[in-house]
Amino acid sequence: MTRCALKILFALVAVATSGDAIAAPAPARPRDAEVRKQLEVQITEILAEPKLANAKVAVYAERLDDRVPLFNRDADVKLIPASNVKLVTTAAALRHLMPDYRFKTDVFLQVDDQGSVAGDLVLKGYGDPYLIPERLWYLATRIYYSGVREIRGGIVVDDSYFEGPRMANGWEQDRSSFAYMAPTGAVSLGFNALLVHVLPGSAPGQPARVWIDPMSEYATLDAKVETIEKGRTDIDVDVKPEKNKSSVTVSGRIAKKDSGRGYWRKIDNPPIFTGEVLKTMLGQLGVRVRGSVKSGLAPAEQTPFVSLPSPRLAEIIDKVNKNSNNFMAEMIALGLGAELYGAPGNWDKAQKAITEFLVNDVGLARGSFDIRNASGLHDVNRFTPRELVQVYAYMFNQRKIRPEYMASFAIAGAAGTLTSRMRQTDAQYLVRGKTGTLSNASALSAYVTTKSGDTVAFSILVNDFKASIDEIWSVQDKLAILFSQTSFDEPVPQPSLPVSAVSPDEVARSREGQR
């Protein structure tokens, strides 16, 4: 064979095996149309169940591999999507910031040879959603092992990287102190929540043991909880603002045989809370801080003494979507706005960033959706099922960010908010989705791997239902199970949903409005 012929042969082989080569036509699927028709009949039967009587229900499903629509029931009707908004927020963040993006927290100080800081220690944050106490402790130990032993001034916390209201739009509808309502702040610690521990006393009639975690002088504690011999534990925990700090009131009774309870409650002043906890940690390490904690600005053009990067954005988004963390979703959106349009970050910039992503990248019509916060909490957002599936479809085709995005969602019967759902069914491990639950809205949008290896994306939004939430979940689960059982080369089987698909614990959690 001549050299010229060999070159041509090698070139043809290279084209045939390259990732950019034109794929061969997919083999014909003679039963595809029949299966899709059967699928539509099956879904229609599921949606006709009495559980959905008088509820507003909208559904859309699509096979992503070839963008073939599979089912449409009011797919263009705008409804409350609840926490399904998070699938939009995290998609926009991954698209613009990429999976390896990291937030940061800086410490500024000037220490002399004796380990003394003449002025203040300044803590400046850039919106890290995952600055948990363990990571703040790492920052404190870095300061200690760098030789600092005394701070003659105080601790100044600079959270100027964000501006505007700390509570997201719509959150004014709930005046409770539950942790899912935690405020945002460019310097925030532990999801801006306190953990109140309550354990029974040594004997009936004795006061319970109550303490706050993490320890600091940020919160005052007023606890009046009695240990009882018999009866049911009944404890009330409330947190209220007190000047620039918080007061925690705990009352009620706890059974002697109770193993102990933990109650998460929000704080109201993120920078002061973070600064007080840092001051306590430094004291525990042997670093004396003479002054108080206050808000202020970091020195301009000074190199940080220590800088603490956050985990990768991909890791943070995993926690947002699997656990439906409202606080983290809002923080990511504010950080996205600041990165794209300049600091300080605020909701107007965040809303613009997410909207432009939906319009310019995903291809949604401007004005067709309403996004008023980044977490989906309360009833201020509106999307259609088709629009949510379009976001899934867009991300499915983004090779650089698809793996992290799809991996971030709850897994049927295995992880996140779907841990207790669809167990011991064909859908277990094959459904990755975002749940959403409010008192008047329930949603499930998911990727499903079918029996034939295709990927289906579907979204079902249910508003104004009268049935119990576990009954609504059972309908959503039946759709997911049906898709997982489907082979587009074989007849569609009759779906079945075991009694154990939804756990009582999952039902109880939903009633706190956290999903």
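Just so you know, all these numbers are worked out from the coordinates, no wet-lab data involved. These numbers were taken from a predicted model, which means no experiment stands behind them. Here the Cβ positions follow ideal geometry from the backbone for every residue, glycine too, while neighbour counts run over all protein chains shown.
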Amide H contacts under 5 Å for Phe103, restricted to residues at least 5 apart in sequence or on another chain and with H modeled in the peptide plane, are Ser310
With DSSP loop assignment and no more than 16 other C-beta atoms within 10 Å, the trypsin sites (Lys or Arg not before Pro) in the range 111-181 are Arg149, Arg152, Arg175
dims of the chain, Cα set, principal axes, largest to smallest, nearest Å -> 78, 76, 43
In the range 183-270 the DSSP beta bridges are antiparallel at a rate, in percent to nearest 5, of 70 percent
Percent relative contact order for the range 183-270, counting Cα pairs under 8 Å at least six residues apart, stands at 37 percent
Computed over the chain: longest principal axis from alpha-carbon atoms vs helix 85-97 long axis, angle to nearest 10 degrees, is 80 degrees
Percent antiparallel among DSSP beta bridges confined to the chain, nearest 5, equals 75 percent
Note to self: C-alpha centroids of the range 311-325 and the range 406-441 sit apart, in Å, by 15 Å
Total charge of the residues flanking Asp76 in space, meaning their Cβ is under 11 Å from its Cβ, with Lys and Arg +1 and Asp and Glu -1, is +1
Ranked from fewest to most other Cβ atoms within 10 Å of their own Cβ, Phe103, Phe178, Phe369 fall in the order Phe178, Phe369, Phe103
Counting Lys and Arg as +1 and Asp and Glu as -1 over every other residue whose Cβ sits under 10 Å from the Cβ of Asp128, the net charge comes to +3
For the chain, averaging the sequence separation of alpha carbon pairs under 8 Å that lie six or more residues apart and dividing by its residue count, the contact order in percent is 22 percent
Toy charge model, Lys and Arg Cβ at +1, Asp and Glu Cβ at -1: the chain dipole around Cα centroid in debye, rounded to 20, equals 420 debye
Note on the range 183-270: alpha-carbon gyration tensor, axes a ≥ b ≥ c; rule is a/c under 1.5 for rounded, else prolate if a/b larger than b/c, else oblate; result prolate
Between the alpha carbon centres of the range 149-210 and the range 58-94 the gap in Å comes to 34 Å
Among chymotrypsin sites (Phe, Trp or Tyr not before Pro) in the range 374-477, those in a DSSP loop whose Cβ has at most 16 other Cβ atoms within 10 Å are Tyr429
